[in-house]
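Read through the structure below, which is laid out as C-alpha cells, and then see the notes.
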Amino acid sequence: MKPCEPPTPSPTADFPARLIAWQKTHGRHDLPWQHGEPYGVWVSEIMLQQTQVQTVIGYYGRFMARFPTLAALADAEEAAVMEVWSGLGYYARARNLHRAAREVMTRFGGRFPSAVEDIESLPGIGRSTAAAIASFCFGAQEPILDGNVKRVFARVFGIDGFPGIRAVELRMWALASELMPACDGAIYTQALMDLGATVCTRSRPRCDACPVGTACVARASGRQRELPAPRPAKVRPQRLRFALLLLSRGQILLERRPGHGIWGGLLSLPELAAQTPSDAVIEAARWLATRGLMAGEPETMTPVIHGFTHFELHLVPLRLRIPAPAPIAGETALQWLPLTDAHDAALPAPVRRLLGRTDIE
Ligand code: SF4
C-alpha cells in the first residue's frame, strides 16, 4: 500500500490527514478481525452493522471457532449458523451471510472477491460494507458511509437534515468520495470508524480529544446534540369525521357507542356517514328526518382534533337546534342529557373538550 506524502494544508485535505495521523496513535489496532483474512473481516463487518463492538467480539470468536473458513460456513446447515448467531439479533444478517458464503463458493470458486462491485453483489452487503472490506483487505480507495460516519460528517461539516433522507445521504456520499485520500485508504477508513465509535459518540462526544475538533462546525456552534438531525416524526394520517351537536333548551343529544371499537360503550355525539362537508349537511338532514326531528340549517363548527396512535382525528361538529328535547322512539342508544350533567358523563376526551368550549351554545 502506498504511503502518504505530507499533506498540503487545505480544508478538505486536512480532514483525512488529521484522521490518519490520529488513527496511528489513538485508533484501535487490536480488534480480533483486524489484519486478518477477508472472510473474518467480512463476518465482523456484518456483525458490526447493528451491534456494538464489545458485544460483537464474543460472538465473532464463537462464530469463527465454529466456522473457521468460508468453505466451512458454506457447508453448514442454516440452523447451525442461526444457532451461533442466536442472541445477536437481526437474523437476516446470518441468513444472508450463509447464502453469500455459498455464492462465493459457486460464483467465485471459493475465493472472496476483491472487486468492490463483486463484493457488493453478495447478499447482505451494501455499498459501505463492500467498500470497507475492499479497503481493509484489498487496499481499495473506496469511501464508506455507515451510521458513525454520517454522524461525524453531519457534525464536522454542519450538515442539516436527517441522514436517512435520500438528498442528505447523497450529499454525504459525495463528501465521502471527495474526502477519500489517494493513499492510506485503509487507515483513513479505520480512523472514521474509530472516531465515530470512540470519540464522536452519539450522546457524549469527547470534543476535547477530537483530532478534527478545531474544524468542527457542531463544536464551534454548540450543536453537537442537534446534529445529525433526528428522524422526522412520522406524520399521522388524518381522518375526518362529522358529528351532530344537537342542542335543545340546555340539553344535548348523545349516543351510546357500541361496546367494541374506538370509544366503545362511551356516550358521544351521533356520527354521520359522510366524507365531505356538503355530504355531511345532506346526511344530517336525512338523520333528523328519519328520527322525526325538526331543525334548521346546520352550522359547521371548528373541528376538535384528537391524536390516536395511528391517526389524527378531526371531528367536525354540525350544530343544530331542536325546539324541544323529545324522546326518540326506538333509539335506545340516544339520550338527552342536560349540558351541565354531560360534562361529568363517560365521554371521549375530544367530545369532553368540545363541550367545554365556549362557542357550543
Ligand atoms: S469536535 Fe466533537 S462533535 Fe465535532 S467531530 Fe469531534 S467529537 Fe464530534
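Just so you know, all these numbers are worked out from the coordinates, no wet-lab data involved. Keep in mind the model is a prediction, meaning the values are calculated, not measured. No Cβ is skipped: glycine too gets one built from the backbone with ideal geometry, and neighbour counts run over all protein chains shown.
Of all DSSP beta bridges confined to segment 238-355, the antiparallel ones make up roughly 65%.
Whole-Hz Karplus values for segment 262-270 come out as 5, 6, x, x, 8, 8, 9, 6, x Hz, taken residue by residue from phi with 6.51 cos²θ - 1.76 cosθ + 1.60 and θ = phi - 60°; glycine and proline positions read x. Taking other C-beta atoms within 10 Å as the exposure proxy, Asp184, Asp30, Asp341 rank Asp30, Asp341, Asp184 from fewest upward.
Close amide H partners of Gln251, meaning residues 5 or more places away or on another chain with modelled amide H under 5 Å apart, are Leu339. With a Förster radius of 25 Å applied to the beta-carbon distance between Ala174 and Arg223, the computed FRET efficiency rounds to 0.70. Taking amide H atoms as placed 1.01 Å from N in the peptide plane, the amide H of Arg239 lies under 5 Å from those of Glu312, Leu313, His314, each 5 or more residues away in sequence or on another chain. Based on the alpha-carbon gyration tensor of segment 238-355 and its eigenvalue square roots a ≥ b ≥ c, which shape applies: rounded if a/c is under 1.5, prolate if not and a/b is larger than b/c, or oblate? Cα axes put segment 238-355 in the oblate bin.
Residues in segment 65-72 carry Karplus couplings, in order, of 5, 7, 10, x, 10, 4, 5, 5 Hz; the curve used is 6.51 cos²θ - 1.76 cosθ + 1.60 with θ = phi - 60°, and Gly or Pro positions show x.
The ranking of Ile328, Ile282 from fewest to most other beta carbons within 10 Å of each one's beta carbon is Ile282, Ile328.
Charge tally around Asn96: other residues with Cβ under 13 Å, Lys/Arg +1 each, Asp/Glu -1 each, net 0. The largest-to-smallest principal axis extents of the Cα set in segment 225-278 are 58, 30, 24 Å. For Glu117, Glu271, the sequence from fewest to most other C-beta atoms within 10 Å is Glu117, Glu271. Taking one quarter of the surface of the convex hull spanned by the alpha-carbon atoms of the chain gives a direction-averaged projected area of 27.1 nm².
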